[in-house]
Amino acid sequence: MSEVKPGSGGNRYVPYEERTGGESVVYFTRDLSADGIRKVYERVNAGITGKTAIKLHTGEPHGPNIIPSAWVRKFMKDVLPDATIVETNTFYEGDRYTTEAHRKTLKINGWSDFTTVDITDEHGTVMLPVKGGKWFTEMSVGKTLPDYDSLVVLTHFKGHMMGGFGGSNKNIGIGCADGRIGKKMIHQRGDDMWGIAEEELMERISESTKATIDYFGEHITYVNVLRNMSVSCDCEGVAAAPVVTPNIGILASTDILSADQASVDLVWALNEDDHHDLLERIETRHGYRQLSYMKELGMGNDRYRLIDIDNGDREITTKEAVADVVPFGQ
């Protein structure tokens, strides 16, 4: 286990009134569907040009909580017919460890029915610089990732067994790092495959993310889907813990920190019974360090204006956003 630095605060939620700095815009819809993804995406797609990649977690075989492939199929058909889904192989041995096994899993989960997924580390890796990091000066990603002009980060927001939560930061930081070199750089200390833990892990994930978002610059955007939010990541597949957090909606922003911070804030705005398990997972893994370290690295703002596109683009609070959420199990 890595040492947690005193006072770094990864197990403490920072209320909005204690945050400082600029504000970004985050768009919100309660419409959990392909059309909902389209509506929020169209508010943040100004920089998406040229050859476009969509980074999403395609899941382990029969994964119950991933963004439905049918939603992505319709979204791509209606909005990004020439885009390509990108993925990487896993660091752990399993059904996505090799490209051959990964492609079988893609077929099982329905992705091969309508698109060809680019497993970007299938034919090697490439290094991208990490600017201003304390752990890395560069990060290894799939070789074909830099072949794209733009990146749409389509994320299933949920818990994570090591990161506390998996938002856009985890989707890129782990999901774009290649399976043999990049993910090893993030996770491994000496001979211990999972030797990096708690706040250092959050920092390493965020530095990996920074390499990718710096590469794409203004040609990247973020959509977080807050649905089927188990405390487990989609990498746990059918072994994921049961979902006990109610569905909320979909967020989109051109600011990665605002997108992830707003997602966490919406979970916080739920009733105690509905957010207890997920917040406990975030706090016990020091997951809030993802947010504070992204801010330290200059990756975005943790203050934002939440715009309700379902009701005339009205600015709302997170409490207003979840006011009509049906408590889980009702």
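Just so it is clear, none of the values below were taken in a lab; they were calculated from the coordinates. All values reported here derive from a predicted model rather than from experimental measurement. Reconstructed Cβ throughout: ideal geometry from the backbone, glycine too, with neighbour counts over all protein chains shown.
Both radii come from the Cα set of region 18-63: Rg as radius of gyration, Rh as Kirkwood radius; their ratio Rg/Rh reads 1.08.
Please state, as a whole number in µm²/s, the translational diffusion coefficient that the Stokes-Einstein equation yields for region 207-285 at 37 °C and 0.692 mPa s, with Rh defined as the Kirkwood radius across alpha carbon pairs. For the chosen part, D equals 234 µm²/s. Were the residues from Thr137 through Phe114 laid out at 0.36 nm apart, the gain over their Cα-Cα distance would be 4.5 nm. Normalised by 2.2 N^0.38 Å, where N is the number of residues, the C-alpha radius of gyration of region 278-330 stands at 1.51. Its residue count N fixes a reference of 2.2 N^0.38 Å for the chain, and the Cα radius of gyration divided by that reference is 0.91. Distance between the modelled labels on Asp324 and His123, one decimal in nanometres: 4.9 nm (7 Å Cα→Cβ projection). A straight line joining the Cα centroids of region 153-219 and region 93-107 runs 20 Å. Size of region 109-149 from its Cα atoms: along the principal axes, largest to smallest, the extents are 42, 19, 18 Å.
Ellipsoid semi-axes for region 249-299, based on the Cα gyration tensor and the rule √(5λ), read 21, 15, 6 Å when sorted largest first. Sorted fewest first by neighbouring Cβ atoms within 10 angstrom, Ile213, Ile309 come out as Ile309, Ile213.
Across the cross-link table entries Lys183/Lys295; Lys55/Lys77; Lys107/Lys183; Lys143/Lys184; Lys55/Lys183; Lys55/Lys210, which are compared at the Cα atoms, the separations over 20 Å belong to Lys183/Lys295; Lys107/Lys183. Among residues other than His156 with Cβ under 13 Å from its Cβ, the summed charge is 0 (Lys and Arg +1, Asp and Glu -1).
The simple spin-label model puts a point 7 Å past each Cα toward its Cβ; for His62 and Val14 those points are separated by 4.3 nm. What would the Debye equation give as log₁₀ I(q)/I(0) for region 131-219 at q = 0.18, 0.20, 0.21 Å⁻¹, counting only Cα atoms as equal point scatterers? Debye curve over Cα of region 131-219, log10 I(q)/I(0) at q = 0.18, 0.20, 0.21 Å⁻¹: -0.77, -0.95, -1.05.
Segment Asp192..Asp95, full-extension length gain: 32.8 nm, with 0.36 nm per residue of separation and the alpha-carbon distance subtracted.
Debye sum, Cα scatterers, region 1-124, no solvent: what log₁₀ I/I(0) at q = 0.09, 0.10, 0.16, 0.23 1/Å? One equal scatterer on each Cα of region 1-124 leads to -0.40, -0.48, -0.95, -1.26.
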